[in-house]
Amino acid sequence: MNSEKIKDRLDTFVDAILAIIATVMVLELPIKIVNRQIYFVNLFISIGVYLVSFCFLANI
């Protein structure tokens, strides 16, 4: 009984850590604005890298 409780707590802790990592990854997405124009190519590349990283992280 006690080992199940510890396992549940560990699973919850790991889920929380992965959620924090995913949040930090989103905060690092660069949005470059020059002369009131956004460089969408760089943004889309960064979003693609984020999606691949998120899928890898979610698989863990």
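Taken together, the values in this text are just the output of simple stated rules run on the coordinates, not laboratory data. Being a predicted model, the structure only gives us computed values, none of them experimental. Note that each Cβ is placed from the backbone with ideal geometry, even for glycine, and that neighbours are counted across all protein chains shown.
Against the main long axis of the alpha-carbon atoms of the chain, helix 2-27 sits at an angle near 10°. The helix-based estimate of mean residue ellipticity at 222 nm for the chain, built from -39,500 (n - 2.57) per DSSP H run of four or more residues and divided by its residue count, is -27000 deg cm²/dmol to the nearest 500. Rounded to the nearest 10 degrees, the angle from helix 40-59 to the longest Cα principal axis of the chain is 10 degrees.
For the chain, a crude dipole built from +1 on the beta carbon of Lys and Arg and -1 on the beta carbon of Asp and Glu, taken about the Cα centre, is about 240 debye to the nearest 20.
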